[in-house]
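In what follows, a structure is listed as structure tokens, so that the remarks can point back to it.
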Amino acid sequence: MTPDTRSRLARRSAAAGLCLMTILVAGPLAADPSGFLHPLGPIAEIQRTELVWATVAVMVAILPVLLGTPFIMWRYRRTNTKATYRPQWHFDTWLEVGMWGLPIVIVAFLGIWLAQATFRIDPYRTIDAKMAEELNIELAGPQVDMDVVGLDWKWLFLYPDQGVASMGEMVMPVGHPVAMRLTTDTVMQAFLVPRIGGQIYAMPRMATRLNLIADREGRTEAINTQYTGLGMSGQRAEVRAVSPGAYRSWISRAQEGPVLDDETYAIIAQSGSVADAREALGLDGTTPILFRLEATDIFDRVIDRYQNPEGVARDAQPGSPTYNLSSGVLPEADQ
Amino acid sequence: MNFPFGRLEWSDLKPVHLFTHEFSIDNLVGSGAAWMVVIGALAVAVLLTVMGRWGWLWREWLTSVDHKKIGIMYMVLGFVMFARGVAEGMAMRAHQTTALNGGVLSEEHWAELFSTHGTIMIFFVAMPFITGFMNYLIPLQIGARDMAFPVLNQISLGLTATGAALCMISLVVGKFQIGGWTAYPPFTGSTFDPGPGPDYWIWAIALSGFGSMFSGLNFSVTIYKMRAPGMTYMRMPVFVWTALCTSILLVFALPPLTVAAFMQALDRTLGFHFFTNDLGGNMMNYANLFWMFGHPEVYILVLPAYGIFSELTSTFAAKRLYGYTSLVLATMSISVISFCVWLHHFFTMGNSATINVAFGIATGIIAIPTGVKVYVWMATLWRGRIRMTTPMIYMTGFFMLFVIGGLSGMILANPAINWQVHNTQFIVAHFHNVLLPGLLFGVFAGIHIWFPKAFGFRLHETAGQVTAILWIVGFSLTFLPLYFVGLMGYPRRSSGFEDPALLPYMYLTLFGALLIGCALLGLIATLWISIRQRDKLAVPLGDPWDGRTLEWATPAPPPPWNFAVIPHIAERDAFAREKVDGKPFVQPPDYKDIHLPRNTSAGMIMFIATTAFGFGVTWWMWWLVILSVLVVVGWFFVTSFIEHDEVTIPAAEVRRHHNAWIEAISLATPVTRDHETDSRNRGLADTDMVVAS
């Protein structure tokens, strides 16, 4: 390759690279909204802002490299005998100060920002009036308590105070804080609602917490990002942030659904999709399943299942290939 | 349990599936891969038999304790596994591109692919590559004749090969686990996956983990104890510094992984409850142990590549390295801080905000020395005389792409953002972004540089350049789009997606993957062309690149004893200084007998016995387990009574060999860098640096 064709090649590939980058970046911003770049609430909004500022700050450090490398490579090419050549030069105090100082300053900034953001939108932090003020939003109503149980391969959303549960969809009222407890009744999972907030692990025998709030109506998905087996990619439930009125009517619709008793729970805990669960329960249709709750302690009993000092047999563990319905019934509540 | 096959059944033999199972692309890919392993192994065996090379293979290679040969064997092992890893990567990209409505592979096969791809690429490609480089270069660069523990070195190779062999066997017999390269329990526990997949993973990791830890011990002792006289720490080549830091990391980081793998094995095989859902098992402990290894591992892999980049900038810019002290400080600080950041792999585990913040900031801090390194390399290029040959093309690609990986790393360091992109394709993009440009480009550049040292002829320059550009473009198209896919909320390891907006990205990455496939072929073609033209490319005099460090002051390939006389070191880059002063290659006044360790079959015995052990536990063939343990223990017992003898190279032989080389040098004409890549370059350099110093 002659130097001439090489430089032409370099120019062309640089141009092609630039075009490609533009297309790539334009995509997520222009595409059909999914992901936290199109937030439905203040938490995802902060996450987006952090992403932008972290990118800008780091750009200060890497732009010299991105611009300087082609320049240096070209300017100090061997054939350019006009350029200065200093083969023994190996130290400069001010350059040292700069090359250590610049990253230190940037990381200090980033450190402060990340600390502020992390404390501000900590998933465990209850969204109360003080936090609402910090987030610059109005609370439209009281907190909605939710329990989330990860099953193979679907999320079970329990609304104990409303006496309902749902599988395949989650509905939350706009402006109301949602306080979740999460666990799983199988292997570990990870819960993320991209346009609203997240993410937190859900682990068997343990309860983790996640606080969410939406400040505008819209839809997104609750996904499991942790690989949990063959149906994992289908473990996504539609999440709708709706007006409080629509939320109430959804609740009353759910209250007319079938009862989620122990026997039903053991059936839906089997590995499979929401559609599989629907079929196993003998329900018609393809929509998400809405349940009426009689016992509101399902979540606690799921956690209790694994506290048994005698252990839990394999066939009593949902998600195990040997799981069977008769052994898999949840234990009675500890009283 | 049936003797002697344990739980192994005929249906576990994958090659048979091609005939017994319904035909599908999935079956063809899975069973076809098994056939490729079988046919490949048979082909090698037949080839060796026809050429009558078994004895040669055994004497010259498999039983050799020469660090150079062991290093080359690590590289060969790495390349065999790399070919598999790339093929798997391409199969995965093909699946994901078609995954809007299902995808060409079955769910289970897809899961096996991402698990083996990750496991192989980290443990049996990247690790052998860097271990190979360290093996080859450390003694040559510090002026030693071999490693501190040559036999242990061979055993390390044997154990690494054991892990690779178990991965290959799993392709033919049974199946690999499907829980990703991290193998998080309880998913990989016996309750949810009775096996044999996770067992293969556990034993591949646990056994090769010992090998890597031994390598770390061996390298660090070698560097501490066997440097040539006068080579103080601050006179060591930067590659040796990075190798030292990596060795320290190997010693401290591998044990948590090995222990975690053993705990999983106890859970699975003996019914323990370390990580089960019930009886107090806790998978969070696994996550901590795994990443206590996992994060330093990133730096284990990338530091030697940094070392290669450091050597390469100064050599190919014909200039002294800028900021040696800063580079050493930065390397050391990276290796210390790398132990303080592991929690950033699970900001999502429900830790308190304070803990997340602490680890987020620590993660930011590790970017400081990394940033310094990039600036140091740029300052080295500044006011140099840069030769834009293959290594420098890789270096340019590394500069431009690695900083993007750094950017995404800093984004991920922020827990608030991490909660959104954790476990998504953003992560996949990030770690490929740091490991391909950071590690692989360094390795390929390094191969281009040191191949002539090892084999006596250069690699074909044009072929090398085309391959380098294919790698850079292929990488960019394959992995940069995944950042955006991740931002749109596509989880990693997910076999399918429902959002058609992702399709353009998927096509782009598939195209990139095809380019990477071409790049792999480019590597093979480069090697092929170079072997065909080896006479034209020969550089027997040993210094084709106007090198700066000690290894270039030896013939190519170096004799088994490396140096006729152990050199005395008066300053950094001693060989470069001698060349500037116009008096390299001085003949010593007298020669002495050289003692080298004799060949041993220790490594092969360990390899075979530990592979049998891993296979035995995986399939519950307890007789095989007992037998292999007896072999290992018995070997250690017996050899402890055998006195280790040495081979003596008489002084006359050393003198003859050395004189022949010196004479060839005196007859040759030094070539300037203008002719570096043409056939005039026989390995005697007319240095650029005289011009202006």
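Does B:Asp686 satisfy the criteria of being of a type outside the set (Ser, Thr, Tyr), within 14 Å of chain A (Cβ to nearest Cβ) and within 17 Å of B:Ala553 (Cβ to Cβ)? Spell out the reasoning first.
Values: of a type outside the set (Ser, Thr, Tyr): yes; within 14 Å of chain A (Cβ to nearest Cβ): yes; within 17 Å of B:Ala553 (Cβ to Cβ): yes.
It is true that B:Asp686 is of a type outside the set (Ser, Thr, Tyr), within 14 Å of chain A (Cβ to nearest Cβ) and within 17 Å of B:Ala553 (Cβ to Cβ).
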Which numbered condition B:Gly522 misses (of (1) of a type in the set (Gly, Ala, Ser); (2) part of a loop (DSSP other than H, G, I, E, B); (3) at pLDDT 95 or above)
(2)
B:Ala318 versus (1) of a type outside the set (S, T, N, Q); (2) in contact with a Cys (Cβ under 7 Å, 6 or more places away or on another chain); (3) farther than 25 Å from B:Pro128 by Cα: which is the lone unmet condition?
(2)
Among residues of the stretch A:104-121 being at the interface with chain B (Cβ under 7 Å from one of its Cβ atoms) and in contact (Cβ under 8 Å) with a residue 24 or more places away in the chain, the residue nearest to the chain's Cα centre (by Cα) is A:Ile121
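A:Ala190 - would you say it is within 13 Å of another protein chain (Cβ to nearest Cβ) and either over 30 Å from B:Ala183 (Cα atoms) or not hydroxyl-bearing (Ser, Thr, Tyr) (or both)? Step through it out loud before you land on a result.
Values: within 13 Å of another protein chain (Cβ to nearest Cβ): yes; either over 30 Å from B:Ala183 (Cα atoms) or not hydroxyl-bearing (Ser, Thr, Tyr) (or both): yes.
It is true that A:Ala190 is within 13 Å of another protein chain (Cβ to nearest Cβ) and either over 30 Å from B:Ala183 (Cα atoms) or not hydroxyl-bearing (Ser, Thr, Tyr) (or both).
Quick check on my filter: what residues within the stretch A:310-325 are in a loop (DSSP other than H, G, I, E, B) and either closer than 15 Å to A:Gly272 by Cβ or without any contact (Cβ under 8 Å) to a residue 24 or more places away in the chain (or both)? Working first, answer last.
Our first condition is that a residue be in a loop (DSSP other than H, G, I, E, B); within the stretch A:310-325, this holds for A:310-313, A:317-325.
Passing the criteria: A:Glu310, A:Gly311, A:Val312, A:Ala313, A:Pro318, A:Gly319, A:Ser320, A:Pro321, A:Thr322, A:Tyr323, A:Asn324, A:Leu325.
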The lone condition B:His595 fails out of (1) over 20 Å from B:Ala454 (Cβ atoms); (2) surrounded by 17 or more Cβ atoms within 10 Å (Cβ to Cβ); (3) in contact with a Ser or Thr (Cβ under 6 Å, 6 or more places away or on another chain) is (2)
Condition check for A:Arg253: away from chain B (no Cβ under 14 Å), surrounded by fewer than 18 Cβ atoms within 10 Å (Cβ to Cβ) and at pLDDT 95 or above
yes
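Results for (1) in a helix (DSSP H, G or I); (2) surrounded by 23 or more Cβ atoms within 10 Å (Cβ to Cβ), shown as yes or no for each residue.
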{"site": "B:Lys453", "(1), (2)": "yes, yes"}
{"site": "B:Ala463", "(1), (2)": "yes, no"}
{"site": "B:Ile469", "(1), (2)": "yes, no"}
{"site": "B:Val473", "(1), (2)": "yes, no"}
{"site": "B:Phe479", "(1), (2)": "yes, yes"}
{"site": "B:Val485", "(1), (2)": "yes, yes"}
{"site": "B:Gly496", "(1), (2)": "no, no"}
{"site": "B:Ala501", "(1), (2)": "yes, no"}
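Just wondering, is there one or more residues in the stretch A:64-78 that are in a loop (DSSP other than H, G, I, E, B), modelled with pLDDT under 95 and in contact with a strand residue (DSSP E or B) (Cβ under 7 Å, 6 or more places away or on another chain)? Steps first, answer last, please.
Applying the first criterion (in a loop (DSSP other than H, G, I, E, B)) to the stretch A:64-78 yields A:76, A:78.
Those still in the list that are modelled with pLDDT under 95 too: A:78.
This time we only want the ones that are in contact with a strand residue (DSSP E or B) (Cβ under 7 Å, 6 or more places away or on another chain), so: A:78.
Yes - at least one qualifying residue is present in the stretch A:64-78.
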Six or more apart or on different chains, Cβ atoms under 8 Å: show the pairs whose first residue is in the stretch B:350-365 and facing chain A (nearest Cβ under 7 Å) and whose second is among the aromatic types (Phe, Trp, Tyr) and in a helix (DSSP H, G or I).
B:Ala353/A:Phe119; B:Asn356/B:Phe347; B:Val357/A:Phe119; B:Gly360/B:Phe347
Looking for whichever is surrounded by fewer than 24 Cβ atoms within 10 Å (Cβ to Cβ) and closer than 26 Å to A:Arg314 by Cβ here; the options are B:Pro185, B:Pro198, B:Pro194. Which one fits?
B:Pro194
Return a yes/no flag: does the stretch A:312-324 have any residue that is over 25 Å from B:Asn282 (Cα atoms) and under 30 Å from the mean Cα position of the chain (by Cα).
no
Looking only at the stretch B:279-314, which residues are under 25 Å from A:Tyr76 (Cβ atoms) and either aromatic (Phe, Trp, Tyr) or surrounded by fewer than 23 Cβ atoms within 10 Å (Cβ to Cβ) (or both)?
B:Tyr306, B:Phe309
Need pairs with beta-carbon distance below 7 Å; first residue in contact (Cβ under 8 Å) with a residue 24 or more places away in the chain and within the stretch B:382-395, second among the polar types (S, T, N, Q) and in a loop (DSSP other than H, G, I, E, B); sequence gap 6+ or separate chains.
B:Arg383/A:Thr84; B:Thr389/B:Thr677
Looking at (1) without any contact (Cβ under 8 Å) to a residue 40 or more places away in the chain; (2) within 14 Å of chain B (Cβ to nearest Cβ); (3) more than 26 Å from A:Ala254 (Cα to Cα), find the lone condition where A:Arg219 falls short.
(3)
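Consider the stretch B:566-584. How many of its residues are in a loop (DSSP other than H, G, I, E, B) and either among the β-branched types (Val, Ile, Thr) or more than 33 Å from the chain's Cα centre (by Cα) (or both)?
Here is the first cut: in the stretch B:566-584, the ones in a loop (DSSP other than H, G, I, E, B) are B:566-573, B:582-584.
Checking which are either among the β-branched types (Val, Ile, Thr) or more than 33 Å from the chain's Cα centre (by Cα) (or both) leaves us with B:566, B:569, B:582-584.
Adding up the residues that qualify gives 5.
The values are calculated or read from the model by the stated rules, or taken from the named source; none is laboratory data. The structure presented is a predicted model; accordingly, all values stated were derived computationally and were not measured. Heads up, the Cβs are rebuilt from the backbone with ideal geometry, glycines too, and the neighbour counts pull from every protein chain shown.
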